[in-house]
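The values are calculated or read from the model by the stated rules, or taken from the named source; none is laboratory data. Note that the coordinates shown come from a computational prediction; the quantities given were computed from them, not determined experimentally. Counting neighbours? That spans all protein chains shown, and the Cβs are built from the backbone with ideal geometry, glycine included.
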Amino acid sequence: MLSLYRRLVSYEIRSQLQYRVPFLLDSLASFMGTAIGFATLVLILQRFDNVAGWDLGEVAFLYGTVELAFGIMDMLFSGFDPANFGIRVRLGTFDQMLLRPVSVTLQVFASNLQMRRIGRILQGGLALAVALSLVDVQWTVIKLLYLPVIELSMVAFFGGLFIIGATITFWTVESIEAINVLTYGGTEMMAYPMSIYPAWMRRFFTFIVPAIFLNYYPALYFLDKSDPLNLPGWMSFLSPVAGLAVLLAGLAFWNYGIRHYQSTGT
């Protein structure tokens, strides 16, 4: 299966790199689109000095980690993007996948690798590099090992939400905006300290959608900041648990949707 995935992905990459100029322009547009968001963040922090006690470097750390992870996820899980997958269901091309003697999950996963998302990945990495140059992180072996873990955890988290959104289109055909609120909107929310949001929102993103464990609490650990919410310190290490839980929940819902899928007839 892994060998087949590599072959399918290599076809996608070669087809997208065949036209170099459009690829570079798309990547540049992706980079500039998110760079504007980071520039806005910098202007806000320069005007108000801090957000709930978080200075520019600390907020940039939140921003850089979530943007880097979301960019990687958006490239790898583009086949499950609800907006694109709904079109696949409506046009009947998903039915073609079901007829092939290959795992349908693997086909969807490798069907739309968006290389132009490299621009967003580079911008997120640049923002994280700027943040690390502004903050004084007391690096330890555990922190060095844990940083890529939280990035992979956020990739799994957002990927699971994409899979859930794609599965919903089996019944709705069109994607629903609630998923975009949790994915694209979630990246905006997670770029700021969770303590600035009202209590009901913090509870929702703690007990319903565990976003608080993926970026905010790990950032408290890396930056050696106290928790204004007064939750236990081990919460900072729940990032892989939360990310894997959402991904597994998404895959379970996906398999349920496959078993109950009914074609649109197109």
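Structure notes:
- Taking the listed residues 241, 155, the one that is under 20 Å from the mean Cα position of the chain (by Cα), among the aliphatic types (A, V, I, L, M), modelled with pLDDT of 90 or more and more than 27 Å from residue 98 (Cα to Cα) is 241, with no other qualifying.
- The helices (runs of 4 or more DSSP H) found wholly in the range 35-112 and carrying at least 2 residues that are in contact (Cβ under 8 Å) with a residue 40 or more places away in the chain and under 20 Å from the mean Cα position of the chain (by Cα) occupy 56-76, 82-91, 104-109.
- Some residue of the range 202-220 being in contact (Cβ under 8 Å) with a residue 12 or more places away in the chain, more than 14 Å from residue 69 (Cβ to Cβ), in contact with a strand residue (DSSP E or B) (Cβ under 9 Å, 6 or more places away or on another chain) and crowded, with 16+ Cβ neighbours inside 10 Å: no
- Of all residues in the range 93-122 being closer than 18 Å to residue 10 by Cβ, aliphatic (A, V, I, L, M) and out of contact with any Gly (no Cβ under 9 Å at 6 or more places or on another chain), the one that is modelled with the lowest pLDDT: 115
- Among (1) modelled with pLDDT of 90 or more; (2) not in a helix (DSSP H, G or I), the one test that residue 227 misses: (1)
- Given (1) outside any helix (DSSP H, G or I); (2) within 19 Å of the chain's Cα centre (by Cα); (3) within 30 Å of residue 231 (Cα to Cα), number of the condition residue 138 does not satisfy: (2)
- Residue check for residue 195: of a type in the set (S, T, N, Q), over 30 Å from residue 91 (Cβ atoms) and surrounded by fewer than 20 Cβ atoms within 10 Å (Cβ to Cβ): yes
- Taking the listed residues 125, 159, the one that is in a helix (DSSP H, G or I) and crowded, with 18+ Cβ neighbours inside 10 Å is 159, with no other qualifying.
- The range 182-224, subset closer than 16 Å to residue 74 by Cβ and either part of a helix (DSSP H, G or I) or touching a His at 6+ places or on another chain (Cβ under 7 Å) (or both), residue modelled with the highest pLDDT: 190
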